[in-house]
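Values quoted throughout were computed directly from the atomic coordinates according to the rules given, and no laboratory measurement underlies them. Quantities reported herein were computed from a predicted structural model and do not represent experimental measurements. Cβ atoms come from the backbone with ideal geometry, glycine included; neighbour counts cover every protein chain shown.
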């Protein structure tokens, strides 16, 4: 691949146009007044500038070619245009005032780099300030505010995103275009991404499998590359927060800068949290009333450390950025959740920050290179990555039938190496037409050890070729594409030391050697009809497929985190689906809103079915019951219907008052017998009233006040053995004050979730299965310091 | 817009109104009856008033069961494991904690039977749990039935209570003396005293007396217990827990009323 890149660079040099050209112009508002400090940049090379007091900008030193120009300014609708630059060019840009007064509005979305309104699927963008205003312990929880997004949780720190009731491998999480490769099949396997590191998140609901990967049948959570920042500026950002419910301390430091040629970015963060409080003194389990000492869930404390560094070059031939990161999480699991809860395990151990057994430790190392290189008039984007995910589960060995002398507490050790490479060639790009040809390749090597067995060691090869086109005809935009995938699995035989009643019995085989090959296609066609400039209807039809993952193929053991005995099926078929999405979006002067519905049918949907058998080990013709977990859960396949929708509405009352509401509903059930699948999020309605004003009494500090009311409907029709959940009403609020001092900007605030300290349950939490309520009132105090030493009246800086 | 939405809504409606062709079994199977050596053990398990049942070392115990399901039974699992409250976890020199599991294959809608549980000689005396779970063919799992079982052994410690005399009734803020004789054929290790609400919750008195240094087979227990003035009135349990060097545990629980 490296050689390929060098060749690409050489080709880029050969096609270099002789002369360098410049792009200049003026940015004005609807009244013709100049707009200062609007960011103007070329997407492909990240060359850019900011407008001066007269609204003027200039980007020199551009090579002739086709570019995508982005213009952004807080409070205005973003502007983008496809430009074919052959000679020095001057343009005038009119920006329209938007209702999103607080943040910049996205100019591009998805791999097609168009405005979200051109995309046949709904794309939402969240900035870091939206994610961090509210107390959240992890990324998935921070995204829950959006309609159609929920989180599958285990305690406070472990959580994974759910899109329209689907999670695991069906939600593709990517960072800088590279798919996050952890052990994402596990319901209790959190996302190994530092939430403090990201600047912008892109969420695509619906099958975005063509460009991202065939797994993305439910949607994509994409951590977008951070912006390069203003040329000539170096910035520092310090964030601290304290959270009451689990006495969490979070600290993060960021430094980034852009010299015009070189860009860099560093992030360090640390989170330490104690056992979390629940608004209950006891819980009923197995007919026993078990105490919750000190109102806390014993052993739910944890620690997260993360570091992230980026270094790159931005030139007029393109850019190349190298990112390296490490994420380390250590979190205790509530003792009562692994096996039969016993009163003594729940007793307060004297230290609420102590992380005792059972616990899980996850480390994720990642190196990514992202490049974009000009080849004639076209662009070649490439992403290269290496990732290593190490997941360890620790537990008391004699609780698993091992002798006391057995000292190793490593129940499960999984180490996964992943190499990924993406190449996307953008060609024939103008205002009306867009074409992209892409290739994705990947290699995975998984090793496993530990005294428990769950999934075997394996090797996996992936290859995919895809093509996406987009054409505009008058008010219609048609997007279409095809993707071919090949996946090869080589799964190795696993032997396991079998102990029964503390005695070594012998070796048993947990899975044989086997190979599986999958070759399949995905296709989609989407249509957007622009009813007016700010109103559109979109329809997307897709044929998707997902290759089974390792646990679906070969798991055979107790899934430590969920305490279920899970059994894969080596003969499982690929999952295929027909998916339709229909949406409407309208943006007015004072309000904007959208409605989306989806209706999907999957032919061989893979799900975990509780079976009629208890877990046991067959050894020398005899059946030995497995120590504690009860039932065997088998991976089975059935045709399913998946449908639902979301609606959202934003209303700007006046210059300082805003109202947001959103509602969601989703449902998954088998089409042959009507059986409901587990972990479907309840229908919900979320409402927020937000006020933004300047307080004279506080030297014109900016104040933001928000009150939210969340309603989660009761869920009564459940999957087999899944407990019901009653309705929940939650109140939340936040207050933030920020002030521009001479030495920089300081924001501080107080926010609270579950203000009424309501006792409620969440069927998306694994602790629901043992009747544990969700966390109680949670107050968070946060502080953000953004020092600045930039010279005042900064002029638009030339690039290079 | 409306033209597109209508067919999809109509489709959804038609489909959802004719989806339930096949009957789904979501009814949990039921554990109707559990007996330990002929005594009814099931009906005490779901109240907080846990009765305990005795099984003895070097003796076979009989566990009788009767189960039912609306469609088809699959498997019954019985499981005995120690409930030593974490004080002793694991194997001692001469005695093992007792554990026993059995999976009984079932069929039909109603079935009953008796399992023989052989308890070996070299097992630890003390509190155990008998846990029962039942599955039907569709994968529905029953409510678990958890029964407190006391395993007795000839060489476990004994306790005879001297004061207070039963029925034990005291008022808040008062103090009383707990006394009695602890005896064992081996060395005693520790005596624990606990006073806790009958229906669970945190104890209002707790004391551990280490006897490791004194190599003795008999100990005169004398302990002053103060009832906090802010204790809630109601039914309590006064527990004397004795452990010997072998790991045997003897628990004596006395009903107590605080008013």
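Structure summary
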| quantity | calculated |
| --- | --- |
| Label-point separation, residue A:259 to residue A:322 (7 Å along Cα→Cβ), nm | 1.5 nm |
| Calculated FRET value between residue A:507 and residue A:408, using beta carbons and R₀ = 25 Å, to 0.05 | 0.90 |
| Stretchable slack from residue A:620 to residue A:714, in nm (0.36 nm times residue separation minus alpha-carbon distance) | 29.0 nm |
| Helix axis angle, A:2-14 relative to chain A longest principal axis, alpha carbon, degrees | 10 degrees |
| Alpha carbon centroid spacing (whole Å) that separates segment A:234-272 from segment A:350-371 | 18 Å |
| Residue order, fewest to most beta carbons within 10 Å, for B:256, B:249 | B:256, B:249 |
| Computed FRET value (nearest 0.05) for residue A:31 with residue A:729, which takes r as the C-beta separation and R₀ as 45 Å | 0.50 |
| Length released on extending from residue A:743 to residue A:591, taking residue separation times 0.36 nm less the Cα-Cα span | 51.0 nm |
| Residue-averaged beta-carbon neighbours from other chains (10 angstrom radius) around B:139-145 | 5 |
| Where labels lie 7 Å past Cα in the beta-carbon direction, separation of residue B:255 and residue A:90 in nm | 10.1 nm |
| Cβ-based exposure ranking for A:439, A:489, A:476, in which fewest neighbours within 10 Å come first | A:476, A:439, A:489 |
| For chain A, share of DSSP beta bridges that run antiparallel, in % to the nearest 5 | 95 percent |
| Cα-projected label distance for residue A:490 with residue A:313, points at 7 Å along beta-carbon direction, nm | 3.7 nm |
| Which of B:137, A:686 has the fewest Cβ neighbours within 10 Å, and the rest in rising order | B:137, A:686 |
